[in-house]
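See structure below.
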Amino acid sequence: MLRAIAWRNLWRNKLRSSIIMAALTIGIIGAVEMDGYMTGLTNQRVDAAIANEVSDIQLHNPGFLLNQETKYLIPHAGKKADEIRKIANVKAVSVRLKGAAMASSANAGAGISINGVVPDDEYRVSDLHDHIIEGTYLNNKQKIPAVIGQKLAKKLNIGVSDKLIVTMTDSTGTITNGAFLVVGIYKTSNTDFDKSNVFVTRKDLANLIGYPTNAGDEIAILLNSNQHTKAVTKKLNTLFSAEVKSHKLIIQSWDQIQPLLKSMVDMMNYFSYLFLIIVLAALTFAIINTMLMSMMERTREIGMLIALGMNKRKIVRMVMLETLFLSIIGALVGLAISILLVDYLSIHGLDLSSFAKGLNSIGYSSTVYFQVNREFYFTTVIVVVLLAILASIPAMMRALKLQPATAIREED
Amino acid sequence: MSIIETKGVYKTYNTTKVPVNAVNGVDLKIEEGEFTAIVGPSGSGKTTLLNMLSGLDLPTRGDIFIENTNLKGLSSSQLIDFRLNNIGFVFQAYNLIPVLTVKENTEFIMFLQKVPKRERQKRVKELLGAVGIGDKMDYKPSQLSGGQQQRVAVARALASRPKYIIADEPTANLDSVSTSELLELMAQMNKKYNTTFIFATHDQRVMDKARRILTIEDGKILKDEQFDR
Ligand SMILES: Nc1ncnc2c1ncn2[C@@H]1O[C@H](COP(=O)(O)OP(=O)(O)OP(=O)(O)O)[C@@H](O)[C@H]1O
Ligand SMILES: [Mg+2]
């Protein structure tokens, strides 16, 4: 019966209750969509970074990480790659010979990272081949081919079929030059990456700088899903424990390779929750106010209930139920609409092209496909319930303070 | 034993500039089955006295015994429970919970008393029939006339099987026809269930029905008359 009373009291002032419910609905839609956008944006960035740039896990000689010198090779890179391929959930492995270099054309020069790869292996590890906008991807039939980013092509003012001159240190420490033929131009969502990464075959690069053609200073590993990252990293650490312990090998997952990216993900997550709490906390004041008004209007009625023998516990229950109904209806409607909207935007995406230029340069794509974790919905419900309970306290205090004898006398 | 006995009851309000002795030394006994009116001019202390007799307010001085219980000895929570289980109320107006139907309103106190549902429904049916509202059980209070609302309040009070019913000017908002009907009803119920009624009133017609009239002025009982009706 208390439930019926609380529920029906909610609809005594339909307009007032509806306004609060609508405010909660809108607030929750705002918070959820904001989280959907942020999470989608960062996850896309992470996915793109994994697919195009860092893979899930990379192996290096620790020395290499300091200044990308090719002399810090990984011992028996090819044999290691074969062993890694046997690990569960490893999708593909690419052994790279990578180093810092200068690229130049007839017109200009630029500092780059040159990636010597085995085209077939690289094809399986990285999505770069999907981002070729002109020409073709590397293959073994071409003569000293190179694939470069659009940004670099622009800077050097070269295109497909043009020559790219690369200057770098060879195995003896001498500066050496080589010419590559640009066969393809790619464009990812990360312009910084596009500006500095050049892909050539490992064989050509090894020949140029005097290493065996199977040498590698980077092993990139792609997993079936990035939820296996931890497990596979652990397995690799046991597999190569001797070299890891003697500091000849370092195994890093994507979040260690790009800690900034990882902290961005955490930050966005944190902001989503912060935003949610701020929105709901603001609405809590509206709920407090509504409940207080409702109590004041019902002073005589509540006085009557206390006179008749309704005890404090039941008064508390009634007020709390009323506040919960008021808060939860709006919240549930808001969640329902949010879920539908997130569903739609997770498929169709939201294109904020007008801001995209800025986003692209830091590696974010302009169309964002929304994602919301189940925990976020869950947290929303919990926070709404907790705040509703808090919001009912002032109204409760007021109701409990009523003296029935005086409350009943009160005039309208 | 009397169901109510007051011993030297005083109520002084200090909230005003000059303290008001709203009830000024009342010694009173009320027996089971009485049908008693408290009359007196406005401000004479009728409401104040009834509030103390019903445990809504405590005396400044003196004691009120309901059978063996001294109301002064109860905490505010105990007082609420005491009212719930021992006292029925019919107020001047706004007796009913507007969001509940007539039936639910009549059930409400029994619900608080944890009377089983089946028993509740039995009493509701019987009493709403007895007060002549049996055909309007699913109405909301706002769909009833003032007189009908008061009758529902009487039914609700009776349904909770109280030791006595306190009614402060129950007819003040009613026209003369409804007043007579309500009085007739209360008198009937008093006879049928032997329930004690104590009401405050200005209304001559109410006084004409009462079997005992306590006249109060300046918080003191001036006259205590019994009538055989
Ligand atoms: N809460 C209060 N604070 C201060 N004085 C009060 C309070 N309640 C009642 N009084 C005073 O006590 C006296 C008795 O009031 P009470 O309401 O009991 O009279 P009454 O006989 O019921 O009057 P009426 O016939 O108008 O209902 C009055 O002088 C009134 O002003
Ligand atoms: Mg009065």
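The values are calculated or read from the model by the stated rules, or taken from the named source; none is laboratory data. Everything quoted here is computed from the prediction, not taken from an experiment. All Cβ positions, glycine included, derive from the backbone under ideal geometry; neighbour counts span all protein chains shown.
Overview of results
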| item | result |
| --- | --- |
| Single match in A:T25, A:T70 (criterion: in the same structural domain as A:V342 (by TED's automatic domain parsing) and of a type in the set (S, T, N, Q)) | A:T25 |
| Per-region count, segment A:124-153, residues closer than 24 Å to A:L222 by Cα and part of a strand (DSSP E or B) | 6 |
| Only listed residue being free of Cβ contacts under 8 Å to residues at least 24 places away in the same chain and either among the polar types (S, T, N, Q) or within 19 Å of A:T213 (Cβ to Cβ) (or both), chosen from A:D120, A:D130 | A:D120 |
| Selection status of B:K103, farther than 17 Å from A:A405 by Cα, in contact with an Asp or Glu (Cβ under 8 Å, 6 or more places away or on another chain) and away from ligand 1 (no atom under 16 Å from the Cβ) | yes |
| Complete set of residues in segment B:23-45 that are farther than 22 Å from B:F82 by Cβ and within 15 Å of ligand 1 (Cβ to nearest atom) | B:N24, B:G25, B:A37, B:V39, B:G40, B:P41, B:S42, B:G43, B:S44, B:G45 |
| Residue within segment A:269-277 that is buried (at least 19 other Cβ atoms within 10 Å of the Cβ) and assigned by TED's automatic domain parsing to the domain that holds A:F376 present | yes |
| Elements of type helices (runs of 4 or more DSSP H) contained in segment A:258-351, each with 1 or more residues being within 14 Å of another protein chain (Cβ to nearest Cβ) and in contact with a Cys (Cβ under 8 Å, 6 or more places away or on another chain) | none |
| Unmet requirement for B:S142, which otherwise passes all of (1) surrounded by 18 or more Cβ atoms within 10 Å (Cβ to Cβ); (2) away from ligand 2 (no atom under 16 Å from the Cβ) | (1) |
| Matching residues in segment A:73-102 - criterion: being touching a Lys or Arg at 6+ places or on another chain (Cβ under 6 Å) and not in a loop (DSSP other than H, G, I, E, B) | A:A92, A:V93, A:L97 |
| Set A:S241, A:S246: member being without any contact (Cβ under 8 Å) to a residue 12 or more places away in the chain, farther than 30 Å from A:A51 by Cβ and more than 14 Å from chain B (Cβ to nearest Cβ) | A:S246 |
| Breaking point among (1) at positive phi; (2) touching a Leu at 6+ places or on another chain (Cβ under 6 Å), for B:G45 | (2) |
| Some residue of segment B:104-114 being facing chain A (nearest Cβ under 9 Å), surrounded by 15 or more Cβ atoms within 10 Å (Cβ to Cβ) and closer than 25 Å to B:T201 by Cβ | yes |
| Residue check, A:N157 polar (S, T, N, Q) and either modelled with pLDDT of 95 or more or at positive phi (or both) | yes |
| Single unsatisfied condition, B:P170 versus (1) away from ligand 2 (no atom under 16 Å from the Cβ); (2) within 14 Å of another protein chain (Cβ to nearest Cβ); (3) farther than 20 Å from B:N85 by Cα | (1) |
| Those residues of segment A:103-123 which are in a strand (DSSP E or B) and hydrophobic (A, V, I, L, M, F, W, C), in sequence order | A:A103, A:A110, A:I112, A:I114, A:V117 |
| Residue list for segment B:192-215, restricted to those being away from ligand 1 (no atom under 12 Å from the Cβ) and of a type in the set (V, I, T) | B:T195, B:T196, B:I198, B:V206, B:I213 |
| Of all residues in segment B:175-206 being more than 16 Å from ligand 2 (Cβ to nearest atom) and among the aliphatic types (A, V, I, L, M), the one that is farthest from the other protein chains (Cβ to nearest Cβ) | B:V177 |
